[in-house]
Amino acid sequence: MAGLGIGGGKVVDQQQAVRAIGNSPFGEGALWLVGGGLAAYALWRFAQVLMLGGSTDERSRKIGKRAIALISGIAYAGLASTALAQAAGRGSGRSGSSGQESGAALLLNQPFGRWLVAAVGLAVIGAALFQFGRAWTASFSKNLRGHELSSDQAIWSRRAGRMGYAARGVAFALMGWFFLQAALQSDASEAGGLAEALRKVASQPHGQVLLAIVGAGLALFGVYSLIEARYRRIS
């Protein structure tokens, strides 16, 4: 909506998105459902930290995946608590600095803090390249029980996933760049999350068009995630 300039749409962060859900019709019930879903997703990520199997060599190679799953689980647990607290009437979901800014500030206060923040930035950029790689190869399709999908369903789910992963790649690349800037300038306020990344997109020439494209891609990733929730290969 922000990209298309309709309905007063504006770029918001995840906390503001939670507040928007609460202010919608049936907002309290929606917050309970969303909060419960986010909590379940956080538990899923924590389970991945504990249950990545394989041989000793394979487990050592999965340390990076475990770390990403742990960080993701913590982030979604925090977002779930915000949604559930607002649903219970114990908070408006207001937040001060972003989680990325707070995390960067914590790292900068450690020995070799700038190097740690730079390492995070490079890791996020690496994650962006991984997203682009999945978009290019459609390797995510192997996570689905393809035999349960019709040929048309398989084609459209692959298209949605490709667009979605490409949009995530753009957002991750910008977030990684923000962390590198925070490291170079020793300024945690330079670190930013998804909202800041989308605002950066909007500030470019033809920014509204680019923002609409990225927004559509992220929406398609949501569609693909719903498909994956139904057809994902668990074992």
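How many residues are outside any helix (DSSP H, G or I) and either closer than 16 Å to G169 by Cβ or touching a Gly at 6+ places or on another chain (Cβ under 8 Å) (or both) when one looks only at the stretch 205-235?
Number of matching residues: 0.
Condition (residue is under 22 Å from V223 (Cα atoms), in a helix (DSSP H, G or I) and either β-branched (V, I, T) or touching a Phe, Trp or Tyr at 6+ places or on another chain (Cβ under 7 Å) (or both)) applied to the stretch 120-130: is it met by at least one residue?
Within the stretch 120-130, one or more residues are under 22 Å from V223 (Cα atoms), in a helix (DSSP H, G or I) and either β-branched (V, I, T) or touching a Phe, Trp or Tyr at 6+ places or on another chain (Cβ under 7 Å) (or both).
Looking only at residues that are among the β-branched types (V, I, T) and modelled with pLDDT under 75 in the stretch 61-93, which one is surrounded by the most Cβ atoms within 10 Å (Cβ to Cβ)?
In this case the residue turns out to be I68.
Those residues that are closer than 15 Å to L108 by Cα, surrounded by 20 or more Cβ atoms within 10 Å (Cβ to Cβ) and at pLDDT below 80, I need them from the stretch 170-206; list them, please.
Listed by number, the residues that qualify are A188, E190, A191, G192.
The values are calculated or read from the model by the stated rules, or taken from the named source; none is laboratory data. Predicted, not measured: the structure shown is a model, and the values here were computed from it. Cβ: placed from backbone, ideal geometry, glycine included. Neighbour counts: every protein chain shown.
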